[in-house]
1. Find the helices (runs of 4 or more DSSP H) located wholly in region 239-356 whose residues include 3 or more that are closer than 30 Å to residue 88 by Cα and either within 16 Å of the ligand (Cβ to nearest atom) or touching a residue at least 24 places away in the same chain (Cβ under 8 Å) (or both), and list them.
2. Does residue 46 qualify as being in a loop (DSSP other than H, G, I, E, B), farther than 24 Å from residue 126 by Cβ, modelled with pLDDT of 95 or more and under 21 Å from the mean Cα position of the chain (by Cα)?
3. So, residue 249, is that one surrounded by fewer than 24 Cβ atoms within 10 Å (Cβ to Cβ) and either touching a helix residue (DSSP H, G or I) at 6+ places or on another chain (Cβ under 9 Å) or modelled with pLDDT under 95 (or both) or not?
4. Among the residues of region 133-141, is there at least one that is in a helix (DSSP H, G or I), more than 14 Å from the ligand (Cβ to nearest atom) and either free of Cβ contacts under 8 Å to residues at least 12 places away in the same chain or surrounded by fewer than 17 Cβ atoms within 10 Å (Cβ to Cβ) (or both)?
5. Considering only residues that are without any contact (Cβ under 8 Å) to a residue 12 or more places away in the chain and within 16 Å of residue 187 (Cα to Cα), which ones fall in region 153-172?
6. Which residues, counting only those in region 60-95, are under 22 Å from the mean Cα position of the chain (by Cα) and on the phi > 0 side of the Ramachandran plot?
7. Among 125, 73, which is the only one that is farther than 25 Å from residue 176 by Cα, surrounded by 14 or more Cβ atoms within 10 Å (Cβ to Cβ) and within 16 Å of the ligand (Cβ to nearest atom)?
8. Which of the residues spanning region 211-238 are out of contact with any strand residue (DSSP E or B) (no Cβ under 6 Å at 6 or more places or on another chain) and within 13 Å of the ligand (Cβ to nearest atom)?
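The values are calculated or read from the model by the stated rules, or taken from the named source; none is laboratory data. Everything quoted here is computed from the prediction, not taken from an experiment. No Cβ is skipped: glycine too gets one built from the backbone with ideal geometry, and neighbour counts run over all protein chains shown.
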Ligand SMILES: Cc1ncc(COP(=O)(O)O)c(C=O)c1O
């Protein structure tokens, strides 16, 4: 790669309408000038130069009309999935949405009715429950178990929770929070669970490129091809390349009948692609983008190691070992403190804006989530602040 990324470069994001940096004071009371934003899942890094170049080309042309021809975009997805995930995507099965929360909402709308149950493995990404509840469907929480400090499935327990009105399951693979990379066996168990309870399986794989060294992610259609007829795959460039503001995502549906139902919702909602997102995503899914992601993963892995080393040395705190994602999931149960107290120390004393565990559902009560996709010295500063905020426990 010609332009080696410098992930250590500090880039000021305050005053740029950034959700993560400019909303930490209004939402968390963490001071804008001295606080560190470690909540929303975006990164403090510029995307690869090829993405910037695609925007430069558009800006130089200066015409911002409606987007049409998506052949290059679809080909870029086909190439990426085949090269990076060993999955042959059929181009006609790809829909483009305004991101994956939008994709999730469309799936809930297209494949379930008001009052139906939608199964989540909790704790899990908070927007799922929000979308399900606001659509008038019921969130059915299937709690993950913890074994040797990592999340594992509890399929027998979940079987017992099913009441017969569940229509869909939303899987987060790799898992956010906690960073599990589900094994092939686990994915097959999930597919069998969906088969047993006749659930449409929506697999949100937005974090599938951000897998730590030593771990291997398997996309659902490769792990469990037997589930293809009930599968909705969701993938995106936005987490991988830090372009979430472009609001673009893919919903990939192998089954023709499900595809027709999804297409009807998409048409009913009048959704069509954003040309900036299409250009950025097409440029990102390239050999240059791939080299950038490989470098990024090494950097995040370094951040994660240093963060865990520092945090796990504080008595009472335990950071789950991330197999994927840049979102550290820290358990404060060992402090014996109520959530109000440990959260208060993190926000008021350490001045860190983080995600609160309870918003992720059952099992999240004693946790806070820390975004590590920032410059290494920022991560180290956050660790020092945590050490002082909990110094009385040493
Ligand atoms: C599992 C998961 N899905 C979806 C999203 C957001 O997707 P989008 O920005 O495409 O709506 C996130 C963001 O953190 C996520 O973690």
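1. Filter on region 239-356 gives 256-269, 275-284, 287-312.
2. Yes: the conditions hold for residue 46.
3. no
4. Yes, because at least one residue in region 133-141 is in a helix (DSSP H, G or I), more than 14 Å from the ligand (Cβ to nearest atom) and either free of Cβ contacts under 8 Å to residues at least 12 places away in the same chain or surrounded by fewer than 17 Cβ atoms within 10 Å (Cβ to Cβ) (or both).
5. 156
6. 86
7. Result: 73 is the single residue among 125, 73 that is farther than 25 Å from residue 176 by Cα, surrounded by 14 or more Cβ atoms within 10 Å (Cβ to Cβ) and within 16 Å of the ligand (Cβ to nearest atom).
8. 237, 238
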